[in-house]
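Notes for the one structure printed next.
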Amino acid sequence: MEKKGDIAVIGLAVMGQNLILNMNDHGYTVVAHNRTVSKVDEFLDNAAKGTKVIGAHSIEETVGLLKMPRKIMLMVKAGEAVDQGIEKLLPHLSPGDCIIDGGNSHFTDTIRRTTCLEEKGFLYIGTGVSGGEEGARRGPSMMPGGSPRAWPLVKDIFRAIAARTPDGVPCCDWVGDNGAGHYVKMAHNAIEYGDMQIICEAYHLMKQGLGLTSRRMHAVFSRWNKTELDSYLIEITADILAYRDDDGKALVEKILDKAGQKGTGKWFSVNSLDLGIPVTLIAEAVYARCLSALKDERVAAAKVLAGPHAKITGDAAAFVEDIRRALLASKIVSYAQGFMCMREAAREYHWTLDYGNIAMLWRSGCIIRSVFLERIKAAYDRNPGLSSLLLDDYFRALIDKCQKSWRRVVMTAVRMGVPLPAFSSALAFYDGYRSEKLPANLLQAQRDYFGAHTYRRLDAPADKIFHTNWTGRGGEVASGTYTV
């Protein structure tokens, strides 16, 4: 009898290959296919040699080699390639078969694809997979969502290959309907943008303001990784700062300061505007990458635009601790903003999201894995309806402890002319969020003055709308009201 596969993976780039090998290690028979079929034989002759992996050289062969109901995972580039892969598969599938998109697809595409395939009798999953090459091979964080009836088909496989928390719980669980899984992965990546930017700002301030060498900063980040900041990104930053080029000099200082991005941070920032949630730190992290890309303009501007170039004087060790606390406070704001946006998305797209569970999906295997996430889980365990992490007792106390340092760091950087966009925007958000009164009353008056956009009054019922003829020359007719 011909051997049948438990699941197929289409797409043999680094993530696809490593997920296949991971599944094989856990006893599953995987059918491997790639659009460039020569890669199938190359994979079987090298990385998959001696495994149970079955090679397939066409879509028809791939489908024919699978047990029913069929489970086929696409590990291809987001966008058109996913739609093309689905179209090629559909003529060969039967009702009840399941297609899985394991790439970084936009959640709106996943909503569309789920609806379309369910109408045709098929099942669909859009799953975020985080952890990069190492995670795919040894245990990623996985965030599946889509057709609820599809989860039992893949649950055992996904939870077997996923990373595990320190107490052994798989970092994989069903997130929610249609695009929920890819939305949560997008949120993960957006928080990752914020984490990376605030770490880079801490490095920049220590280098520019204190004149610390990469060796000394390696020691600093190594120490920080034994504090509340214990995380994968702090750990790898310490490793990067220790790495020497062939000439013995720090490799990081030879890398062009021009950052790339693949779009998930931008997607999240745009969606936050649609939802009316101010993810200011995350958006600044995206814009910081955009600003870094203007390298030629920055080089030219540096020659003509004036600004301070002072160094920090005084107790360097004390200021390094200030930077650590500012980094920690900013990190809390970044996560608070990310979870606020997920909460509003759940309302908008009719998902039921378990925020404590999501934090634990990220506890191991993914890029933002850290002990910090256990505190987020505990916060939502205490109060599942928590509107912001900033209001949780633990995080409120931690920011109280860090606040003086946070303000000193931002003020010092401003005096020195060292840009800290994420630290600064995080502090501004915190101060705005804790303000009972903001100057939006004047803004509403301005809008009513020039556009008759109306306003509400503190001394009137909340549903009563007002318009004022501010100059005596306008009319009494108001325009329609609207909110973002």
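Each value in this text was obtained by applying a stated rule to the coordinates, not by laboratory testing. Model, not experiment: these values are computed from the prediction. Counting neighbours? That spans all protein chains shown, and the Cβs are built from the backbone with ideal geometry, glycine included.
For the reader, a short list of remarks on this structure follows.
- Exposure proxy for Tyr183, Tyr349: other Cβ atoms within 10 Å of each Cβ, ordered fewest to most, give Tyr349, Tyr183.
- Approximate shape of the chain as ellipsoid semi-axes (Cα gyration tensor, √5λ), whole Å, largest first: 43, 32, 21
- The mean sequence separation of alpha-carbon pairs under 8 Å and at least six residues apart, normalised by the residue count of segment 122-267, gives a relative contact order of 18 percent.
- For segment 215-241, backbone nitrogen atoms closer than 17 Å to the point 7 Å from Ala316 Cα along Cα-to-C-beta are found at 215-224.
- Against the main long axis of the alpha-carbon atoms of the chain, helix 440-451 sits at an angle near 90°.
- The order of Phe268, Phe221, going from fewest to most other C-beta atoms within 10 Å of their C-beta, is Phe221, Phe268.
- What separates the Cα centres of segment 343-393 and segment 264-291 is a distance of 19 Å.
- The length gained on full extension between Leu294 and Asn383, counted as 0.36 nm times the residue separation minus their Cα-Cα distance, comes to 27.6 nm.
- From helices alone, the chain scores -16500 deg cm²/dmol at 222 nm; the rule is -39500 (n - 2.57) for each run of n ≥ 4 DSSP H residues, then divide by the residue total.
- Between the C-alpha center of segment 149-165 and that of segment 33-104 there is a gap of 18 Å.
- Counting neighbouring beta carbons within 10 Å and listing from fewest to most, the residues Ile376, Ile465 come out as Ile465, Ile376.
- Theoretical gain in end-to-end length, Glu80 to Ala301 [0.36 nm per residue, Cα-Cα removed]: 75.6 nm
- The trypsin sites (Lys or Arg not before Pro) found in segment 281-350 that occupy coil by DSSP, while having at most 14 further C-beta atoms within 10 Å, are Lys303, Lys311.
- Three-way shape call for segment 378-463 based on the alpha-carbon gyration tensor, with the a/c threshold at 1.5: oblate
- Relative to the dominant Cα principal axis of the chain, helix 232-242 is inclined by about 80°.
- Amide H contacts of Ala293 (H built 1.01 Å from N, in plane; Pro and chain starts excluded): Ala259 sit under 5 Å, all sequence-distant by 5 or more or on other chains.
- A dipole drawn for segment 1-129 from +1 and -1 charges on Cβ atoms has a positive end, and of Ile111, Leu21, Ile59 the residue lying farthest that way is Leu21.
- Computed from backbone phi, the HN-Hα couplings of segment 244-251 come to 10, 6, 4, 8, x, 8, 5, 5 Hz, rounded to whole numbers (Karplus: 6.51 cos²θ - 1.76 cosθ + 1.60, θ = phi - 60°; Gly and Pro given as x).
- Listed values for segment 6-15 are Karplus-derived 3J(HN,Hα) couplings in whole Hz (6.51 cos²θ - 1.76 cosθ + 1.60, θ = phi - 60°), namely 7, 7, 10, 10, 10, x, 10, 6, 4, 5, and x replaces Gly and Pro.
- Projected onto its three principal axes, the C-alpha set of segment 255-316 covers 42, 33, 23 Å, listed from the longest axis down.
- Relative contact order of the chain, defined on C-alpha pairs under 8 angstrom at six or more residues apart (%): 12
- Cα gyration tensor shape of segment 1-107, rounded if a/c is under 1.5, else prolate or oblate by comparing a/b with b/c: oblate
- A simple spin-label model places pseudo-atoms 7 Å from Cα toward Cβ; at Leu391 and Ala440 they are separated by 1.5 nm.
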